[in-house]
Amino acid sequence: MAKLDLDVLPIPARLRDKEPPRLDKPYLWRDFTLFALVHILPLGALFTGTKWQDWAVCVGLYWLRMFAVTGGYHRYFSHRTFKTGRVFQFLLAFLAETSSQKGALWWAAHHRKHHKYSDTPWDAHSPIRHGFWHSHVLWVYYPDNDPTDYKQVRDLARYPELVWLNEHWMVPVIVLGALILLTMGWSGFFIAFALSTVLLWHGTFTINSLSHVYGSRRFATTDTSRNNWLLALITMGEGWHNNHHHYMLSTRQGFRWYEIDLTFYILKVMSWFHLVWDLREPPAELMRASAPAAKAADEPAPEVVAAP
């Protein structure tokens, strides 16, 4: 696979007079070390042994929290592709924050900037611009990315309970970890909590590091976003990334019947019980395989690999 010539992705006119950011600051290595140490915790199960319940809850917590990240952080807080009430909004943020991926407003602010600057030097986690490891995880520990840019999420910052939860995002993590430890013991803590958290991290992170590199392109977007069926399976639909970048206002990201989008299916069922409502679908022409808009964009994109 040939390396992409970045001239294929010209800087938009609105950014040409803007000084590109320099990644010349040291990462927050202390915070990263804590993140890395969590990867060792599951090894504690070698000393405690495990029960089948530990593994069952591990799988359940992976999928439950993946839904909270994809349906909550992404499709609700970042893009507002559906509506819900204030109480359920808070519960969704709380559950998503048990993923230990920082606060809902922090996540949404960064994601909105990602779409604004996708694959330009201002994109905080473009694998094309910044390489695999930075886009996969290190960007989180770059000092400029640590604060929450509340200007990007004024619509969410008007809710004081969301701001509090965003500033104290470790509270849900601690609550879940303590609950697992108290009810399932150390083996449950090591497997059901720690292992599922590590798997959840890297499952989520693949969308940043891989979905702009590997897969197919239905739509000729101005970035390198791609559709990847495998990533869609492990992230409950987020792998239909080219679809999403082409029409980000849609709750549904799988635009074809065969593009499995578990997050959308669950939200659809929840809408039957009025927990959520006003789910947005893509325009009908984007859903038709023979639609001119889709057909014209079914052209091969430049083959790319992430920057070193």
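The values are calculated or read from the model by the stated rules, or taken from the named source; none is laboratory data. The model shown is predicted, which means the values in this text are computed figures rather than measured ones. With ideal geometry, Cβ positions are generated from the backbone for all residues, glycine too; neighbour counts draw on all protein chains shown.
Contact map, the range 123-136: first residue crowded, with 23+ Cβ neighbours inside 10 Å, second residue among the small types (G, A, S) and outside any helix (DSSP H, G or I), Cβ cut-off under 6 Å, separation 6 or more or different chains; pairs are P127/A306. Scanning the range 48-74 for residues that are more than 18 Å from T98 (Cβ to Cβ) and in contact (Cβ under 8 Å) with a residue 24 or more places away in the chain yields T48, G49, T50, K51, Q53, W55.
Just the residues that are aromatic (F, W, Y) and surrounded by 24 or more Cβ atoms within 10 Å (Cβ to Cβ), please, taken from the range 63-95.
Initially, the range 63-95 is screened for residues aromatic (F, W, Y), giving 63, 67, 73, 76-77, 82, 88, 90, 94.
The answer is Y73, Y76, F77.
All conditions but one from (1) under 21 Å from the mean Cα position of the chain (by Cα); (2) farther than 22 Å from W139 by Cα apply to W201; the one that does not is (2).
Residue-wise test of (1) farther than 19 Å from T197 by Cα; (2) at pLDDT 95 or above.
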site	(1), (2)
S99	no, yes
W107	no, yes
S118	yes, no
N145	yes, yes
T148	yes, yes
Q152	yes, yes
P160	yes, yes
V163	yes, yes
V171	no, yes
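Hey, any hits in the range 123-131 for a residue that's closer than 26 Å to M270 by Cα and assigned to a helix (DSSP H, G or I)? No: zero hits. Screening the candidates T33, T50 for the property of being of a type in the set (S, T, Y), modelled with pLDDT of 95 or more and assigned to a helix (DSSP H, G or I) yields one hit, T33.
I need the helices (runs of 4 or more DSSP H) fully contained in the range 261-302, keeping only those with at least 1 residues that are at pLDDT 95 or above and out of contact with any Leu (no Cβ under 6 Å at 6 or more places or on another chain).
On the way: elements: 262-272, 284-287, 292-297.
Answer list for the range 261-302: 262-272.
In the range 29-62, the residue that is surrounded by the fewest Cβ atoms within 10 Å (Cβ to Cβ) out of those that are under 16 Å from M184 (Cα atoms) and small (G, A, S) is G49.
On the basis of being in a helix (DSSP H, G or I) and farther than 18 Å from T263 by Cα, does F190 make the cut? I'd like the intermediate steps shown before the answer.
Numbers: in a helix (DSSP H, G or I): yes; farther than 18 Å from T263 by Cα: yes.
In short, yes.
The condition (being of a type in the set (A, V, I, L, M, F, W, C) and free of Cβ contacts under 8 Å to residues at least 60 places away in the same chain) is satisfied by just one residue among W139, W169, W186, W164: W164. Exactly one residue out of S118, S135 is closer than 25 Å to L23 by Cα, assigned to a helix (DSSP H, G or I) and within 16 Å of the chain's Cα centre (by Cα), and it is S135.
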